[in-house]
1. Can you show me the helix-derived [θ] at 222 nm for the chain, built from DSSP H runs with n ≥ 4 at -39,500 (n - 2.57) apiece and divided by the number of residues, rounded to the nearest 500.
2. For the chain, take the longest principal axis of its alpha carbons; what is the angle in degrees between that and the long axis of helix 44-55, to the nearest 10 within 0 to 90?
3. What distance in nm separates the two pseudo spin-label positions at residue 119 and residue 55, each 7 Å out from Cα along the beta-carbon direction?
4. Hey, got the Cα dimensions of the range 1-126 along the principal axes, in Å, largest first?
5. Compute the long axis of helix 148-163 from its Cα atoms, compare it with the longest principal axis of the Cα atoms of the chain, and write down the angle in degrees, 0 to 90, nearest 10.
6. Roll a 1.4 angstrom probe over the protein heavy atoms and tell me the percent of accessible area of the chain that is carbon or sulfur.
7. Can you tell me the dipole magnitude for the range 50-186 around its Cα centre, using point charges on the Cβ only (Lys, Arg +1; Asp, Glu -1), in Debye to the nearest 20?
8. Kirkwood hydrodynamic radius of the chain from all distinct Cα pairs, in Å?
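The values are calculated or read from the model by the stated rules, or taken from the named source; none is laboratory data. Remember, it's a predicted structure, so these values are computed and weren't measured experimentally. With ideal geometry, Cβ positions are generated from the backbone for all residues, glycine too; neighbour counts draw on all protein chains shown. Side chains are part of the model used for accessible areas, which takes the heavy atoms of the whole protein and leaves out ligands, DNA and RNA. Shrake-Rupley method; radii C 1.70, N 1.55, O 1.52, S 1.80 Å.
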Amino acid sequence: MAAIRLGDIAPNFTAQSSEGEIDFHKWLGNSWGILFSHPADYTPVCTTELGTVAKYTEEFNKRNVKVVALSVDGLESHLGWIKDINETQNTTVNFPIIADEDRKVSELYDMIHPNADSKLTVRSVFIIGDDKKVKLTITYPASTGRNFDELLRVIDSLQLTAYHKVATPANWNPGEDVVVSPAIPTDKAKEIFTKGVKEVKPYLRMTPQPNL
Ligand code: BEZ
C-alpha cells in the first residue's frame with residue numbers, strides 16, 4: 001500500500017456507516033471533505049472529539065465541508081455510542097461514522113500504525129478538496145484529542161489559497177494579512193492586490209486578505 005500524499009486523489013471506497021452505505025466520492029459530491037479516524041467507540045477522548053465535531057456543524061457547512069468519522073468498531077457499537085455522545089456532549093451527531101470492522105478503509109488510508117497500536121486506528125485526519133485531491137493530512141496519537149479550531153483555520157487557509165495567489169504565514173488567522181505567492185513579481189502583485197502590497201523583502205510581500 002503506497003502512502004497517501006498531498007495532491008493525490010483521495011482513494012474511493014464503499015463502506016457501511018451509521019447513516020447507511022457510503023460511496024465516498026459520490027458522498028463527497030462537490031463538497032470539500034474531512035475523513036478522520038478515532039481509536040475506538042465508548043472511549044473518553046473520542047467521545048469529546050465527536051461531540052465537538054457535531055457542535056461545529058454550522059462552521060463546516062459554511063465552508064462547504066462534509067465530515068465523516070471512522071473506527072474499526074461495528075455498526076451496532078456506533079449506534080449505541082452515538083446516543084452516549086449526544087447525551088454527554090449535549091449535541092446531536094449528524095455526520096456518518098464508518099464501521100470499518102474489516103479494516104478495508106483503515107488499511108487503504110494507512111490509519112493503523114502498528115508500532116502505536118496493532119489493532120486500532122490512530123487519530124488520522126485527511127482534508128480533501130472539491131477536486132477530490134488530498135489537501136492536508138495530520139496524525140495524532142490516541143492520547144491527544146484533536147484541536148478542531150485548528151482544522152477550521154486550516155480549511156480557511158486551504159480554501160483561500162486555492163482561489164487566490166497567496167499563502168498564509170505562521171499562526172495566521174482569518175482576517176489577517178497574507179503572503180503574496182513567491183511566483184508573482186511585485187509589480188504584477190500590485191496590479192492584482194488592489195488593497196496594497198508591502199514589500200518587506202523582495203521575497204516577502206504582504207497584502208490584506210483579498211477576499212474580504
Ligand atoms: C480515548 O478516546 O479516550 C482513548 C482511546 C484509545 C486510547 C486512549 C484514549
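1. Working: 7 runs with 66 residues, N = 212.
Counting only the DSSP helices, I get -9000 deg cm²/dmol.
2. 60
3. The two pseudo-label positions are separated by 3.1 nm.
4. Over the range 1-126, Cα extents along the principal axes are 40, 34, 23 Å.
5. Result, in degrees: 50.
6. Details: 5440 of 10810 Å².
Summing carbon and sulfur atoms, their accessible area is 50 percent of the total for the chain.
7. Working: 15 positive and 19 negative charges, 68 e Å.
That gives the range 50-186 a dipole magnitude of about 320 debye.
8. On the way: mean 1/r = 0.0539 Å⁻¹.
Every distinct Cα pair counted, the radius reaches 18.6 Å.
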